[in-house]
Structures are given as C-alpha cells and as structure tokens.
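Single-structure report; data block below.
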Amino acid sequence: MRGKQKPVERTEARADGTGRRFVRPRVAAIVLVALAVIVVAVLAILTASKLALDGASARRDIETRLETLIGRPVSIGGTSTFSLLPRTVLTLNHVRIGSGKDVMTVDRLRAELDLTEALRGRTQLEELTLTRPETSSILTFLGTVPQVPPEGEEATLSQLTNFLLNHLLDLRTLVIRDGVFGLGDGSRATGISNVNVVASWPRRNEAARVSASYVWNGQPAKLDVSIAAPASLLVGEPTNLSYDLSAPPLAVTFRGQGSFAAISTLQGTFSLDAPSFVRAARWIGDPAAPLPDIGALTLKGQLSAFGSRLSLQNASVGIGGNEGKGALEMTLAEKGLPLVSGTLAFEHFTLNSLQRAIIPLPTSPVDFERPITLDFVRRVDLDLRLSASSADLGSIPLNDFAAAIKMKDGVAILDIGDASLLGGRGQASVMINATQHAPTASGEISLEDIDLSALSSTVGFSTLGVSGTGRISASFSSPANNWGAILRHAKARAKLSASDGSINGVDSSIFLSPGEHPFAASANQSIPYSSLSAELSAEGPDIELQSLTMKTGQRNVQAAGVLASSGSVDVAGLILPTAEAEAPAPEPMRFALSGDWVDPRIESEPLEEALAPADR
C-alpha cells in the first residue's frame with residue numbers, strides 16, 4: 001500500500017519538466033520590492049552622515065546663485081532645513097538680500113532641488129518659491145542687478161532677457177507669494193502689493209509661461225505671458241508670444257512673434273480697451289496726474305515694433321465715442337518725450353468732447369476760478385492728422401473736416417485746415433502754450449461765403465441778427481489758467497464783410513425820425529443792405545465797435561462805439577445819402593444809441609449842416 005504524497009507548498013519553488021526549480025511570479029515581485037527598499041535604505045544610511053553637509057552645501061550654493069544673479073549680498077537670519085525625501089527641498093527663513101536701505105527681505109525661501117544631483121552632493125534648482133518678498137524701492141533694488149553692457153550704458157531688453165535666462169537655465173519654476181514692492185521713487189504711485197507669480201519653463205525646448213496677479217495703484221490686475229521657445233530668444237530668433245493684461249481700468253492683449261536680438265522686434269495683433277483714458281493713464285502712472293478726460297479709448301490693429309519704434313497698422317481707434325480707422329506710430333526716445341503720430345479717418349468726429357475734456361466751460365461761479373489742466377501738453381509729443389465726413393464744433397455742424405493736432409515741447413496746436421460749414425468754408429488754428437507757469441492761448445479763424453442767417457440762429461440770435469453772405473476773420477489771445485482770467489484779460493479782433501442781406505429785428509424808422517425813441521427789437525422789421533463791413537475788438541468783457549459801414553438803399557450808415565461789461569451802450573453814427581442817390585436825396589441824419597442794453601434808447605436828429613458831396 002502506497003503512502004500519501006506530501007503536497008508541494010504554493011509559496012515554495014517547484015520543478016519544471018527539466019528538473020529545474022523556479023520561483024512563482026508573486027514571490028518575485030515581493031522580492032524586487034524588498035530589494036528596492038533595501039537599496040534606498042542603504043543609500044539613505046550611506047548619505048545620512050553627509051545630510052548636514054549637503055544641506056549646508058545646498059544653502060551656500062543657493063546664496064551664491066542669488067548673489068550672482070542679483071549682485072547683492074545674501075544673508076540668512078533664520079533657521080534652515082534640508083530634506084532629501086520624498087522631495088529634495090532646502091528651506092531658508094528670514095532671507096535678507098542687499099544691505100543698507102536698498103534691501104529685500106523674504107520671509108521664507110523654498111528651493112526644490114534635483115534628487116539625483118543632490119545625492120551627488122551638487123545643487124541644481126528645479127523650483128524656487130519666495131514667500132512674502134518685500135522691498136521699499138523695487139526700482140532701486142533692480143537697479144543693482146549687474147549690467148550686461150559696459151558701465152554707463154543702458155541694457156537693452158535683449159541683453160536683460162538673455163542675462164536672466166542664462167542664469168536660470170536649470171530653474172524650472174519660480175513662484176512668488178504675497179509680494180510687496182514699493183517704488184521709492186518719490187512718485188505718488190502706491191507700488192505693487194499682493195504679488196503672486198508662477199513662472200514655469202519645464203524644459204529648454206518647451207514653452208515658458210508667466211501667470212501673475214497683483215494690486216497696482218489700488219486696482220487688482222492679472223497678467224499672463226507665454227513664450228513658445230524661450231531658447232530662441234537667447235540667440236535672437238523669432239518665437240511666438242502671447243500677452244494678456246486684465247484690470248478694471250485697462251485690458252491689453254497681444255498675439256504674434258517677437259525677437260529680442262540686438263534690436264527687439266514684435267509682429268502681431270494688438271488690442272487695448274480702456275473704459276476711461278484718464279483712469280487708465282493714472283493707473284499706469286501717477287494717480288494724481290492732471291490729464292483731460294477724453295472718455296473711453298480703444299485700439300485694435302497689427303502691431304509692429306522695431307527697437308524703440310512701434311506702429312499700429314490697419315488700426316481701429318475709438319476716442320470718446322468717435323470711431324475711426326488709420327495708422328498710428330510711437331517712438332520712445334532715449335531722452336525726451338515719446339512721440340505719437342499717425343493719420344485717422346472718422347465717419348463723424350465730435351470736437352465738443354475734446355473741448356469739454358481740455359477746457360470745460362464753467363457751470364457755476366466757482367468754476368471760473370478753477371484751474372484749467374494743461375500739464376498734459378508737457379508730457380507727450382503728438383502729431384496726428386484727422387479727417388471726418390462730418391463733425392461738430394459747439395452747435396455748428398461741419399462737413400468734409402480735416403485737421404491736425406500737434407504737441408511739441410509744451411506747445412499744442414489744433415489746426416483745422418479745411419471744413420465745410422454754414423454754406424461756406426472755414427479754417428481755424430488754436431495754439432496753447434504751456435511752457436510757462438501761466439499757460440496762454442491764441443488763435444485765428446477765417447470763414448468764407450457763409451450764411452450769416454444760419455450763423456445768427458446757431459449762436460442764439462433769434463430776433464436780432466444778420467442775414468446775407470459774409471466773410472469773417474478773427475484772432476484772439478488770452479491767458480489759459482482759468483475762465484476768470486480769460487474773461488478778464490482776453491483780447492480779440494474781428495472783421496466782417498457781407499453783401500445782399502439785412503439787419504433783422506431793427507426798425508429803420510427810429511433812426512430816421514428826429515427825437516428820442518426806445519430801441520426795441522422787432523421780429524417783423526429789418527433793414528436791407530447791399531454791403532456791410534464792420535470791425536470789432538475786445539479786451540476782457542468790453543467790446544468796441546471800431547467801425548461799421550452799411551449801404552442800404554440810397555443811404556450810407558456809419559457808426560462806432562462801445563458795449564461795456566457793465567451793460568451800458570454808447571454808439572454814435574451818421575446816416576448820409578449815397579453819391580448815387582437820386583433827387584430829392586435823403587436828409588443827412590446823426591444818431592446816438594445809449595443807455596443800458598436791456599432798455600437802450602436812440603436819439604436821432606438832422607445834421608445842422610449838409611455835407612458836401614466829396615465828404616459823403
């Protein structure tokens with residue numbers, strides 16, 4: 001009788017058909033895991049005695065790397081920790097970069113290192129995190145970074161970019177948390193706070209991206225920048241770029257290519273949207289900058305940049321609700337003001353919005369002494385050509401409008417080269433000189449073949465007015481610091497010549513009837529004329545009628561006088577027969593218009609002595 005065979009244990013080795021023994025797969029896996037654990041444990045044991053040294057070495061390497069990059073001494077005022085597993089991390093507390101007043105403090109610096117290099121006793125940064133870095137003057141602090149060009153020369157964008165990339169080639173990610181950076185430049189800008197940044201460049205042949213959020217001048221903002229091939233920038237080759245800035249006062253986007261070679265270049269689509277130009281400009285720069293509120297500003301087009309010159313082609317531009325198309329250029333001078341130039345065409349352009357923004361009319365007695373803000377004229381140089389199918393100036397409609405706006409060295413000029421208005425043509429030029437403490441304004445206006453009746457209605461003369469076809473030329477000069485100064489000290493001269501019209505609202509009989517009569521406007525009365533000319537001047541609120549000559553029927557009317565700021569009227573004149581008057585010729589008369597303008601009176605009487613024909 002055969003005995004029972006002993007069963008083979010499942011966990012032991014067994015023989016195959018050749019008589020050899022082998023291990024089951026499950027047992028092999030357990031053995032491999034165990035061996036891996038043993039290897040790691042051995043490595044840890046072998047390096048345990050060197051961890052303090054490696055931590056100190058990594059700390060010294062980080063300090064050296066920062067000192068090389070920033071060009072300032074780096075000191076650690078707090079504790080430091082170093083761990084090899086599960087991540088190789090060096091943490092430094094209370095880091096101080098720099099000395100004296102130009103210093104940056106970092107609450108905590110966390111450097112994540114490459115494990116393989118750490119085991120070899122070397123430091124290779126993969127991720128650097130700065131928690132609450134703070135400096136009172138970021139501009140001064142950055143100014144201490146080693147300059148690439150020779151001393152005394154400014155670094156180009158290409159040089160600075162290459163410098164940073166070359167020094168951070170092994171750094172995959174840079175993180176900034178809750179940074180606070182003051183400006184310390186004496187400006188009224190509040191600096192940058194709540195700064196949170198993640199800058200990543202996983203591998204040399206991959207794209208780099210910067211995502212940031214921060215508060216600038218009291219407004220939150222988000223920034224995203226992407227560079228498709230950062231390594232190409234190191235050799236000056238073009239690469240795809242994207243830029244997105246989003247904040248309540250301003251939104252900017254760019255999609256295209258760029259190259260930071262010896263001369264930086266950009267090519268791509270660009271857009272800018274500012275609900276309020278003045279708020280956007282103050283947010284970017286000085287929060288208290290005195291700027292005109294021209295309303296919303298939008299820009300869209302193809303951006304090209306070459307060095308310090310930028311151009312926007314196929315541009316769509318919105319200025320205070322006026323929508324136009326054209327091209328713009330900007331030149332950023334190394335010294336002096338930036339220059340903005342271009343040509344824009346509008347379907348309709350409202351000059352009133354510019355007038356209200358630059359020199360708003362007073363609406364209360366206090367407004368007469370409120371300063372007129374013209375400091376912006378000294379902040380930028382401008383050379384724009386504008387055209388519009390239609391425009392408006394006050395209540396006067398314009399057609400076929402062409403103008404130029406220039407600002408140079410604190411002097412601004414609005415030159416309306418040509419416009420169709422009131423049935424005729426017109427030109428005007430206005431200059432504002434802001435080079436002195438008290439700015440001044442001056443200008444000239446010329447109107448040809450205009451409808452005087454339309455002009456009278458436009459300026460509000462509903463009863464008293466002039467009709468006919470006329471020509472007007474005028475010039476003025478004035479202080480421009482406030483409306484009170486303008487009304488008190490402005491000087492102006494004007495000439496009018498007209499033909500085939502009438503003086504409306506005036507009864508001619510009161511001039512021809514001897515005696516004293518009230519002067520009252522009458523809508524149903526008028527004095528027709530075949531020719532009319534007048535010269536006027538004004539100084540402050542006082543108006544002087546230097547001369548008036550009018551031919552009406554068989555009479556010539558001559559007059560001169562003053563309309564004072566108090567409202568008093570003092571005008572005297574003659575009514576004489578023309579040389580062509582047929583017999584019996586009209587009787588020569590003289591008249592005087594005087595009194596208060598609300599209720600003036602006119603006194604007429606025959607001349608005591610008839611004038612000779614040569615004197616007529």
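If we keep just the residues of segment 559-582 that are assigned to a loop (DSSP other than H, G, I, E, B) and within 21 Å of Leu536 (Cβ to Cβ), which is most open to solvent (accessible area, probe 1.4 Å)? Outline the logic, then answer.
If we filter segment 559-582 for residues that are assigned to a loop (DSSP other than H, G, I, E, B), which is where we start, we get 564-567, 578-582.
Remaining after also requiring within 21 Å of Leu536 (Cβ to Cβ): 564-567.
Details: Ala564: 28, Ser565: 75, Ser566: 91, Gly567: 19 Å².
Out of the qualifying residues, it is Ser566.
Out of everything in segment 516-553 that is without any contact (Cβ under 8 Å) to a residue 60 or more places away in the chain, more than 18 Å from Ser594 (Cβ to Cβ) and not in a strand (DSSP E or B), what residue ends up being least open to solvent (accessible area, probe 1.4 Å)?
Only one residue fits best here, namely Gly540.
For segment 459-476, what are the residues that are among the small types (Gly, Ala, Ser) and open to solvent by less than 50 Å² (accessible area, probe 1.4 Å)?
Just the residues of segment 459-476 that are among the small types (Gly, Ala, Ser), to begin with: 460, 462, 465, 467-468, 470, 473-475.
Within segment 459-476, Gly465, Ser467, Gly468, Gly470, Ser473, Ala474, Ser475 qualify.
Filter segment 579-610 for residues that are modelled with pLDDT under 85 and not aliphatic (A, V, I, L, M) and give the result. I'd like the intermediate steps shown before the answer.
Taking segment 579-610 and keeping what is modelled with pLDDT under 85, we get 579-587, 597-599, 607-610.
Once the filter is applied, which keeps residues that are modelled with pLDDT under 85 and not aliphatic (A, V, I, L, M), segment 579-610 yields Glu580, Glu582, Pro584, Pro586, Glu587, Trp597, Asp599, Glu608, Glu609.
Whether any residue in segment 325-336 is at pLDDT 90 or above and of a type in the set (Ser, Thr, Tyr) is what I want to check.
There is no residue in segment 325-336 that is at pLDDT 90 or above and of a type in the set (Ser, Thr, Tyr).
Of the residues Thr269, Thr343, which is open to solvent by 50 Å² or more (accessible area, probe 1.4 Å), polar (S, T, N, Q), touching a residue at least 40 places away in the same chain (Cβ under 8 Å) and closer than 29 Å to Pro238 by Cβ? Break it down stepwise before answering.
Working: Thr269 fails: touching a residue at least 40 places away in the same chain (Cβ under 8 Å).
One residue alone meets the criteria, Thr343.
Looking at segment 99-121, which of its residues are open to solvent by less than 40 Å² (accessible area, probe 1.4 Å) and either touching a Gly at 6+ places or on another chain (Cβ under 9 Å) or modelled with pLDDT of 85 or more (or both)?
Taking segment 99-121 and keeping what is open to solvent by less than 40 Å² (accessible area, probe 1.4 Å), we get 103-104, 106, 109, 111-114, 117-118, 121.
Within segment 99-121, Met104, Val106, Leu109 meet the criteria.
Sort through Ser304, Ser276, Ser308 and tell me the only one that's crowded, with 16+ Cβ neighbours inside 10 Å, closer than 26 Å to Asp409 by Cα and of a type in the set (Ser, Thr, Tyr). Write out each step before concluding.
Values: Ser304 fails: closer than 26 Å to Asp409 by Cα; Ser308 fails: crowded, with 16+ Cβ neighbours inside 10 Å.
It is Ser276.
For Gln302, state whether it is in contact (Cβ under 8 Å) with a residue 24 or more places away in the chain, of a type outside the set (Gly, Ala, Ser) and part of a strand (DSSP E or B). Walk me through how you get there before you give the answer.
On the way: in contact (Cβ under 8 Å) with a residue 24 or more places away in the chain: yes; of a type outside the set (Gly, Ala, Ser): yes; part of a strand (DSSP E or B): yes.
Criteria met by Gln302.
Among the listed residues Ser502, Ser513, which satisfies the condition of being of a type in the set (Ser, Thr, Tyr) and either modelled with pLDDT under 85 or open to solvent by 40 Å² or more (accessible area, probe 1.4 Å) (or both)?
Working: Ser502 fails: either modelled with pLDDT under 85 or open to solvent by 40 Å² or more (accessible area, probe 1.4 Å) (or both).
From the options Ser502, Ser513, the qualifying one is Ser513.
Output yes when any residue across segment 412-433 is open to solvent by less than 70 Å² (accessible area, probe 1.4 Å), farther than 27 Å from Gly321 by Cβ and of a type in the set (A, V, I, L, M, F, W, C), and no when none is.
no
Could you figure out which of (1) modelled with pLDDT of 85 or more; (2) surrounded by 17 or more Cβ atoms within 10 Å (Cβ to Cβ) isn't true of Pro292?
(1)
Restricting to segment 435-458, count the residues that are open to solvent by 30 Å² or more (accessible area, probe 1.4 Å) and at pLDDT below 90.
9
Can you pull out the residues in segment 562-598 that are more than 15 Å from His517 (Cα to Cα), out of contact with any Phe, Trp or Tyr (no Cβ under 9 Å at 6 or more places or on another chain) and of a type in the set (S, T, N, Q)?
If the condition is that a residue be more than 15 Å from His517 (Cα to Cα), out of contact with any Phe, Trp or Tyr (no Cβ under 9 Å at 6 or more places or on another chain) and of a type in the set (S, T, N, Q), then Ser565, Ser566, Thr578 are the ones that fit.
Of everything in segment 494-515, what is in contact (Cβ under 8 Å) with a residue 12 or more places away in the chain, not charged (D, E, K, R) and not in a strand (DSSP E or B)? Give them in sequence order. Before the answer, list the steps.
We begin by selecting, within segment 494-515, every residue in contact (Cβ under 8 Å) with a residue 12 or more places away in the chain; these are 494-508, 510-515.
Cutting the leftovers down to not charged (D, E, K, R) gives us 494, 496-499, 501-506, 508, 510-515.
Correct list: Gly505, Val506, Ser508, Ile510, Phe511, Leu512, Ser513, Pro514.
Which ones in segment 407-422 are in contact with a helix residue (DSSP H, G or I) (Cβ under 8 Å, 6 or more places away or on another chain) and under 14 Å from Asp449 (Cα atoms)?
Leu422
Can you tell which of Ala247, Ala207, Ala231, Ala212 is touching a Pro at 6+ places or on another chain (Cβ under 9 Å), open to solvent by less than 40 Å² (accessible area, probe 1.4 Å) and not assigned by the TED database to the domain that holds Arg110? Please lay out each step first, then the result.
Details: Ala207 fails: open to solvent by less than 40 Å² (accessible area, probe 1.4 Å); Ala231 fails: touching a Pro at 6+ places or on another chain (Cβ under 9 Å); Ala212 fails: touching a Pro at 6+ places or on another chain (Cβ under 9 Å).
Every option except Ala247 fails the conditions.
Go through segment 313-340 residue by residue and tally those that are part of a strand (DSSP E or B) and either of a type in the set (S, T, N, Q) or crowded, with 16+ Cβ neighbours inside 10 Å (or both).
So the first thing to find is which residues in segment 313-340 are part of a strand (DSSP E or B), and the list is 313-319, 322-331, 339-340.
Narrowing further to those that are either of a type in the set (S, T, N, Q) or crowded, with 16+ Cβ neighbours inside 10 Å (or both): 313-319, 322, 324, 326-331, 339-340.
The number of residues fulfilling the criteria is 17.
Test each condition in (1) free of Cβ contacts under 8 Å to residues at least 60 places away in the same chain; (2) farther than 24 Å from Gly426 by Cβ for Asn481 and report the one that comes out false.
Result: Asn481 passes all but (1).
Which of the residues that make up segment 583-604 are under 60 Å from the mean Cα position of the chain (by Cα) and assigned to a strand (DSSP E or B)? Walk me through how you get there before you give the answer.
At the first step, the residues of segment 583-604 found to be under 60 Å from the mean Cα position of the chain (by Cα) are 591-602.
Correct list: Phe591, Ala592, Leu593, Ser594, Gly595, Asp596, Arg601, Ile602.
The values are calculated or read from the model by the stated rules, or taken from the named source; none is laboratory data. Keep in mind that what you see is a predicted model, and the values were worked out from it rather than measured. In this analysis, Cβ positions are derived from the backbone assuming ideal geometry, glycine residues included, and neighbour counts consider all displayed protein chains. Each accessible area value is taken on the protein alone, full model and side chains, heavy atoms only, with ligands, DNA and RNA left out. Shrake-Rupley method; radii C 1.70, N 1.55, O 1.52, S 1.80 Å.
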